[in-house]
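Data block below; observations after.
Laboratory data are not the source of any read-out in this text; all were calculated from the coordinates shown. Quick caveat: nothing in here was measured; it's all calculated off a predicted structure. As a convention, Cβ positions derive from the backbone with ideal geometry for all residues, glycine included, and neighbour counts pool all protein chains shown.
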Amino acid sequence: MSSASAPGLVHDIVSTADLFLRESARLFRPHGLTAAQFNVLNLLADPELADGVSQRELADLLVVDRSNVTGLVDRMETAGWVRRADDPADRRVYRVTLTGPGRKLWEKVAPGYTSVVSQVTGRLSERQMRDGIALLKTLREDAVRWTLPAKQGRAP
């Protein structure tokens, strides 16, 4: 079912995501981080992921292409923030874990991030946030399945 509001909704989501990315650079740049690098630190700081994650799992959690994760992890490993280790259950897989310096950096940056998130979401009720999360999840699920419309003819 299509709606006249659909293009506006998608436009506003993309515009908001672009704004969040641009503004997050202001938050993370002074710490020598990109938003993507902070997202990795933030994920790996989760106590449930103390044993690390594979690069494939990391890509899935970040909702990015696996090829992008390789370069991201390479740079973060060079900086000393993460470590790759062989997975004892599968020699083809590396487990990515947070290092001591990576945890210290996360502990330094996370409070500012939490403060900014509180500011941005301060006017929303818990229900609005849950509904927003559900809406965005539905859009992500459908976005990975979109197809190009049938060609109406060839461009000159």
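Here are the numbers for this structure:
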quantity	calculated
Matching residues in region 68-89 - criterion: being within 19 Å of His31 (Cβ to Cβ) and in a strand (DSSP E or B)	Val82
Filter result (in contact (Cβ under 8 Å) with a residue 24 or more places away in the chain, assigned to a loop (DSSP other than H, G, I, E, B) and either within 19 Å of the chain's Cα centre (by Cα) or crowded, with 16+ Cβ neighbours inside 10 Å (or both)) within region 42-51	Ala45, Ala50
Per-region count, region 1-41, residues assigned to a helix (DSSP H, G or I), surrounded by fewer than 17 Cβ atoms within 10 Å (Cβ to Cβ) and not aliphatic (A, V, I, L, M)	14
Pairs with Cβ under 7 Å, 6+ apart, first in region 63-84 and small (Gly, Ala, Ser), second not in a strand (DSSP E or B)	Gly80/Thr99; Gly80/Pro101
Top-ranked residue of region 131-142 - restricted to ones that are without any contact (Cβ under 8 Å) to a residue 24 or more places away in the chain and surrounded by 11 or more Cβ atoms within 10 Å (Cβ to Cβ), ranked as farthest from Ala6 (Cα to Cα)	Asp131
Single unsatisfied condition, Arg123 versus (1) surrounded by fewer than 14 Cβ atoms within 10 Å (Cβ to Cβ); (2) assigned to a strand (DSSP E or B); (3) not small (Gly, Ala, Ser)	(2)
Val96 assigned to a helix (DSSP H, G or I) and under 20 Å from the mean Cα position of the chain (by Cα)	no
Selection status of Pro101, surrounded by fewer than 16 Cβ atoms within 10 Å (Cβ to Cβ) and closer than 15 Å to Gly32 by Cβ	yes
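Okay, residues lined up against (1) β-branched (Val, Ile, Thr); (2) closer than 13 Å to Tyr113 by Cα:
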{"site": "Val10", "(1), (2)": "yes, no"}
{"site": "Ser15", "(1), (2)": "no, no"}
{"site": "Leu19", "(1), (2)": "no, no"}
{"site": "Ser24", "(1), (2)": "no, yes"}
{"site": "Arg29", "(1), (2)": "no, yes"}
{"site": "Thr34", "(1), (2)": "yes, yes"}
{"site": "Val40", "(1), (2)": "yes, no"}
